[in-house]
1. Yes or no: residue 203 in a loop (DSSP other than H, G, I, E, B), under 19 Å from residue 261 (Cβ atoms) and touching a residue at least 60 places away in the same chain (Cβ under 8 Å)?
2. Which of the numbered conditions does residue 282 fail, given that it passes all the others? Conditions: (1) farther than 30 Å from residue 112 by Cα; (2) surrounded by 15 or more Cβ atoms within 10 Å (Cβ to Cβ); (3) touching a residue at least 60 places away in the same chain (Cβ under 8 Å).
3. Given the criteria more than 21 Å from the chain's Cα centre (by Cα) and either part of a helix (DSSP H, G or I) or closer than 21 Å to residue 115 by Cβ (or both), does residue 260 qualify?
4. Return yes when residue 328 is modelled with pLDDT of 95 or more and either surrounded by fewer than 17 Cβ atoms within 10 Å (Cβ to Cβ) or out of contact with any strand residue (DSSP E or B) (no Cβ under 9 Å at 6 or more places or on another chain) (or both) and no when it is not.
5. Out of the residues in the range 263-274 that are more than 16 Å from the chain's Cα centre (by Cα) and at pLDDT 95 or above, which is surrounded by the most Cβ atoms within 10 Å (Cβ to Cβ)?
6. Assess whether residue 245 counts as being over 28 Å from residue 112 (Cα atoms) and either out of contact with any strand residue (DSSP E or B) (no Cβ under 8 Å at 6 or more places or on another chain) or not assigned by TED's automatic domain parsing to the domain that holds residue 118 (or both).
7. Looking at (1) surrounded by fewer than 20 Cβ atoms within 10 Å (Cβ to Cβ); (2) free of Cβ contacts under 8 Å to residues at least 40 places away in the same chain; (3) within 18 Å of the chain's Cα centre (by Cα), which one does residue 214 not meet, given that it meets all the others?
8. Could you pull out the residue among 112, 103, 128 that is crowded, with 20+ Cβ neighbours inside 10 Å and farther than 15 Å from residue 238 by Cβ?
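The values are calculated or read from the model by the stated rules, or taken from the named source; none is laboratory data. Not measured: the values here are computed from a predicted model. Cβ coordinates were reconstructed from backbone atoms using ideal geometry, including for glycine residues, and neighbour counts include every protein chain displayed.
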């Protein structure tokens, strides 16, 4: 028991994020400004700009000028700025699409390559100790492994349960027996029993992913948190680079990074927590000013927020975990350092098309 308690205290860092999913909503992310600008209360008014675009196209085909004029008027009333309108309609946006599956879990599509990240799709997150901690998804309640679209690669950042979830990986390995896995060596104990195509990356190592179109994405590991004694191998963050497009993307799920190692790095997009998750006198997930420091180092055009502590939790330890800060307070801090950076807030299950022009 003492060993289990020691492991739990050591693994308290594991409670840094969680995840789970329901039917993916096959619609696009909309900026909060567009929702606020659409003030019509009538159900007949189409507030969703994406829906407006589709209806407008249908009306143009069938020559319904009356409906078209109504839609155009609604578009003007929505008061979207040019960049936001491009965000909704431009074909270049398909270059990078991120679907947040709650907690630490994601489904990414970059240059036609589909990457499943740290999935928890089966059962709660409980580290094998549900009496101590159990986290359940809030919105994506029915999404399971069998509901996944085509997945090309699996990306694992850490070896603990909130990133390398055995109850999810077991059915995933049966559904995708030849799935290529990219992971930290810290996850080898679990992954080696389930998958046979595994590329283990330590910080600085790279591997190349090839799309059917011939496009190439380079995955490069960076140093994440050390979840144990100082001599233990760090967990992973990742840079994803499309060098032919001059584009780079950075992700680390705890906002933990080595400032010296990132000093010469740049990224067009970073995905990071911005709300801290705290135990008394212990930080589980960094954010707020740490996320600002990360942005200051990498100088991104876009910052995609991760709210990996937003789960329905039970258990003894859950009473002592508390969030610190908000997305709004992060934006205030960020504006002082990077006033031109744009913060994007994904909705669970809704594909977020990041407006990158390459």
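1. no
2. Going through (1) farther than 30 Å from residue 112 by Cα; (2) surrounded by 15 or more Cβ atoms within 10 Å (Cβ to Cβ); (3) touching a residue at least 60 places away in the same chain (Cβ under 8 Å) one by one, residue 282 breaks only (2).
3. yes
4. yes
5. Once the filter is applied, the top-ranked residue is 265.
6. For residue 245, the condition - over 28 Å from residue 112 (Cα atoms) and either out of contact with any strand residue (DSSP E or B) (no Cβ under 8 Å at 6 or more places or on another chain) or not assigned by TED's automatic domain parsing to the domain that holds residue 118 (or both) - is not met.
7. Result: residue 214 fails condition (3) only.
8. 103
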